[in-house]
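Worksheet: one structure, shown below.
The values are calculated or read from the model by the stated rules, or taken from the named source; none is laboratory data. On a predicted model such as this, the values are computed, not experimentally measured, just so you know. Accessible surface is based on the protein model in full, side chains and every heavy atom, while ligands, DNA and RNA are left aside. Shrake-Rupley method; radii C 1.70, N 1.55, O 1.52, S 1.80 Å.
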Amino acid sequence: MNPSADLVNKLWRLCALLRKDGVTYQQYVTELTYLLFLKMASEQKDESRIPEPYRWGALKRASETEVLKLYRQALIDLGDGAKIADRSIVAIFQNATTIVREPANLRKLIDAIDGLHWFSDERDAFGDAYEGLLQKMAEETKRGAGQYFTPRVLIDVMVDLMKPQPGEVIQDPAAGTGGFLIAADRYMRARSDNYFDFADDKHKSAFQLSQALRGLENVPDTFRLLQMNLHLHSIDPDHLNLADTLSPAGSETRFKQADLILTNPPFGPAGGPPTRDDLTITDRVSSYQLPFVEHCIRALKPGGRAAVVVPDNVLFDDGRGKALRQRLMNWCDLHTILRLPTGIFYAQGVKTNVLFFTRSTDEAPLTDATEAVWIYDMRSGAPAYGKTNPLKPADFDGFVTAFGADPHGRAERTDEGETGRFRRFSREGIAARGDNLDITWLKDTSDEAEDGLETPEDILAAIDGHLTAAMTEVRALLVELGDGMPETADLPEAAE
């Protein structure tokens, strides 16, 4: 077992200390976030930004009767921007509260964390261990965990194919816990002799440090986990906001003109239509997935590229869904669709795809930028994935080979025919299908993701996933019936 995996298992077992207090898995990971931050600062000799009474050593020395009181006050003061100058610390601790009720339990947590070995010969394990905790939380928290946690294997494949480069603006408009931003940063560091001085230019160095990675996250608790995850991976971007991408915040200049977008937007009802003026196609759609795709189209600079995870309905919805696909294929080269297997997200019953596209460089992109769409079917005949059979890098080998080395999808490709997994569909052929991109040709003999479920919690989570998906479709249908827009209506081109 590698050091970080061993740490994850030891930290996870500590959750048993708090179970009698009714603590949820997310509450536990959030609590560990505060303690791990203080421990990491101590280990890395970087406590100058933390007031001395609240440093790790002070918590260790505090008596059992005083430790909880001291800890509670530390959470209040570290989240107070008037007392703490470092904005990243304030972001992590803002509005922080502890769910620990018993001083003895807090003392056990502190002593256990302090006793762990955080370093190996190759690296410190804080970042890897925290990523592992987030994955554990997603696996154990059935309801809604997949909303903000994308399997890291899938993230790495998408990043490797899109080839982020130093000097590029890289955005995730649904940042979650930061998986895509961290993977992009890791990819660039591993392939750069000097990541921060890639052009011997101080201005470019500053850009890479604080401006290259950009993101928005709308859920405060998830934003806290995001800030901590980035901090543990030595990433501290200026353009990372707690905000709704579908509000005017998402149309700010700093979230436009991206060179690369990597994202897994939330699925399901949004609680209301977007409030942005520039989302002219999806302005009345009360679900997340369609407006997020329109954001990605508009946020790319000419020639910019994107890899976006979407549920199946984005491929076949009529009305505004169809209009959005037409805009996507007009303004962008939608060169590749990857049909993902079921069960890879922790919310059961969700069927997903990855759209790979490049924004046209035309001044006025009013005609088809897409000549053909290549579809790789990784779903048909696939085994059931889940906790007992997790997705592995080797599972993507066939797709990676078929995709090719060009991040814009321009590598030489081979149509594998009706018995293969990779096929080419011309723009004309897609138009003849009513611009429906839900194209299958292989018989789907794959196991259902629910076939291996045994516990009541897993079965109920699967039922919940199916009901949520069904209600999303009903909501979308009601919106389409009520907005009075003919299916084939031409929508006006919005100003960029």
Review point. How much solvent-accessible surface does ILE113 expose, in Å² to the nearest 10, with a 1.4 Å probe and all protein chains in place?
Key: 0 Å²
Exercise for review: Kindly identify the range 315-361 as rounded, prolate or oblate by the Cα gyration tensor criterion: order the square roots of the eigenvalues as a ≥ b ≥ c, call it rounded if a/c is under 1.5, otherwise compare a/b with b/c, prolate if a/b is larger, else oblate.
Suggested key: oblate
Check your understanding: Averaged per residue, what accessible area in Å² does the range 259-324 show with a 1.4 Å probe, protein chains only?
Key -> 23 Å²
Practice item. At 1.4 Å probe size, with no ligands or nucleic acids counted, give the accessible surface of GLU294 in Å², nearest ten. Key: 0 Å²
Exercise for review: Would you rank ARG87, ARG101 by solvent-accessible area, highest first, keeping every protein chain in place and using a 1.4 Å probe?
Suggested key: ARG101, ARG87
Exercise for review: Holding the Cα-Cα limit at 29 Å, pick out from LYS163/LYS256; LYS39/LYS136; LYS10/LYS163; LYS60/LYS83; LYS10/LYS83; LYS136/LYS301 the pairs that are longer than that.
Suggested key: LYS10/LYS163; LYS10/LYS83; LYS136/LYS301
Revision key, fill the gap. Taking LYS351, LYS69 and ranking on accessible area (1.4 Å, protein atoms only), highest first, one gets LYS69, LYS351
Check your understanding: Could you state the number of Å between the C-alpha centres of the range 93-119 and the range 236-262?
Key -> 34 Å
**Study point:** the range 3-127 - percent relative contact order, Cα under 8 Å, separation 6 or more
**Key:** 29 percent
Check your understanding: In the full protein assembly as shown, how much of GLU131 is accessible to a 1.4 Å probe, in Å² to the nearest 10?
Key -> 30 Å²
Exercise for review: Work out, step by step, the length gained on full extension between ASP406 and GLN211: first 0.36 nm times the residue separation, then minus their alpha carbon distance; give nm to one decimal.
Suggested key: 67.7 nm
